[in-house]
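The values are calculated or read from the model by the stated rules, or taken from the named source; none is laboratory data. All values derive from a computational prediction rather than experimental measurement. Here the Cβ positions follow ideal geometry from the backbone for every residue, glycine too, while neighbour counts run over all protein chains shown.
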Amino acid sequence: MSEVRLVPIRGREHQVRELFWSTLTIGEPLKFDLSCAKHYENLSLEWYLTSGSADCAIAMVGDKAVGYCLVCTDNESFKKSQKTLVVRLLVFCAVALISFRMNLKSCRFFWYRLKDSFTIMRTRKDLPTDVVMHAHLNVHHSYHDGSVSLKLRGHADSVCENRGALGYFGEMNAVGGKRIVSLRRVGGAVVANSKNHTFSWLTGQEIHRLTLVRRPERVGVGDTKTEQKAA
C-alpha cells in the first residue's frame, strides 16, 4: 500500500466535500437525491473548512483523498456559526416543502436528523465539563484497516496537546453498539450510547451513536464507570 500522508485541508476543500458525500451513509453514498443538499453540506462542513481549517487535516494516498480529520478548538465560534447555518437550512427546507420541491425521502431524512439533533443535545450533557474540543474523523470504506484512522487520530491528539486542551470528544457509529470494547483500545471512554435514527433508517439495521472522550495523556487507562454505564 502507498504511504498515507496528512496534509492541510486548505486548497483541498473540494476533496473533503466529495469524501463527505461518498461516505455519508456508514461509508456509502446516499441512494437518493437529497433536497437542500448544499445547505446540509454547509451545516456539516463549512466552519471546519473556513474558520477552523488551520486545525484540520486530510489523509492522502497518492493523489486520492482517503480520509479527513475535522477539529474544533474554538467552541464559541463553532456554535455561533452553526446557529446561522441551521436556521438557513431550516428556511430552505421549509420553502422546498411548501413548494412541493422536496421529495419524500428527503423529508424523512431531515425528520430523523432533527430527532438525532435533540438526542445529541441530551447526550452532550454527559461530557466532562473540562472537555470542549471535538474532532470528527471520516475514512473511505476501502481504508478501514486502521492505517488511515490511526494517523488521523494522531493528528487530533497533536492538536489537543498543542492547544493545551485536556481532552476532546467525538462520535462514532456502530451496528448494535458493539464497538464499546474495541474503542477501549484507542484510549478513550464511551460516555454515551444512543440510537442513530437517521442511519438506522438509511441502513435498515440498528445503528448506535457512541460518544467517545479521549484524553491523550491517559492512553491505556482501564475500564471506567462511564464506559460501564454506557454499555
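Being under 23 Å from Asp55 (Cα atoms), surrounded by 15 or more Cβ atoms within 10 Å (Cβ to Cβ), in contact (Cβ under 8 Å) with a residue 60 or more places away in the chain and touching a Cys at 6+ places or on another chain (Cβ under 7 Å) is the requirement here; does Ala156 meet it?
Taking the combined requirement at face value, the residue satisfies it.
Mind listing whichever residues of the range 160-214 are at pLDDT 90 or above, farther than 26 Å from Arg113 by Cα and among the aliphatic types (A, V, I, L, M)?
Passing the criteria: Ala165, Leu166.
Yes/no matrix, rows are residues, columns are (1) of a type outside the set (A, V, I, L, M, F, W, C); (2) under 15 Å from the mean Cα position of the chain (by Cα):
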position: Gln82; (1), (2): yes, yes
position: Val91; (1), (2): no, no
position: Lys105; (1), (2): yes, no
position: Tyr112; (1), (2): yes, no
position: Ser117; (1), (2): yes, yes
position: His134; (1), (2): yes, yes
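Which of (1) charged (D, E, K, R); (2) more than 19 Å from the chain's Cα centre (by Cα); (3) under 25 Å from Trp21 (Cβ atoms) does Asp130 not meet, given it meets every other one?
Here Asp130 clears every test but (3).
Tally the residues that are surrounded by fewer than 16 Cβ atoms within 10 Å (Cβ to Cβ), among the hydroxyl-bearing types (Ser, Thr, Tyr) and touching a strand residue (DSSP E or B) at 6+ places or on another chain (Cβ under 8 Å), restricting the search to the range 71-86.
0
Just checking, how many residues over the range 45-70 are of a type outside the set (Phe, Trp, Tyr), surrounded by 17 or more Cβ atoms within 10 Å (Cβ to Cβ) and out of contact with any strand residue (DSSP E or B) (no Cβ under 6 Å at 6 or more places or on another chain)?
Summing the residues that are of a type outside the set (Phe, Trp, Tyr), surrounded by 17 or more Cβ atoms within 10 Å (Cβ to Cβ) and out of contact with any strand residue (DSSP E or B) (no Cβ under 6 Å at 6 or more places or on another chain) in the range 45-70 gives 4.
Are any residues in the range 54-99 over 26 Å from Met172 (Cβ atoms), assigned to a loop (DSSP other than H, G, I, E, B) and at pLDDT 95 or above, and if so, which ones?
Matches in the range 54-99: Ser99 only.
With the condition kept exactly as written, say whether any residue in the range 104-123 is at pLDDT 95 or above, surrounded by 17 or more Cβ atoms within 10 Å (Cβ to Cβ) and either touching a strand residue (DSSP E or B) at 6+ places or on another chain (Cβ under 6 Å) or small (Gly, Ala, Ser) (or both).
Yes, the conditions are met somewhere in the range 104-123.
Contact list please: Cβ distance under 8 Å, first residue in the range 50-72 and within 14 Å of Met133 (Cβ to Cβ), second residue of a type in the set (Phe, Trp, Tyr) and assigned to a strand (DSSP E or B), pairs at least six apart or on different chains.
Pairs found: Cys56/Tyr68; Val71/Tyr168.
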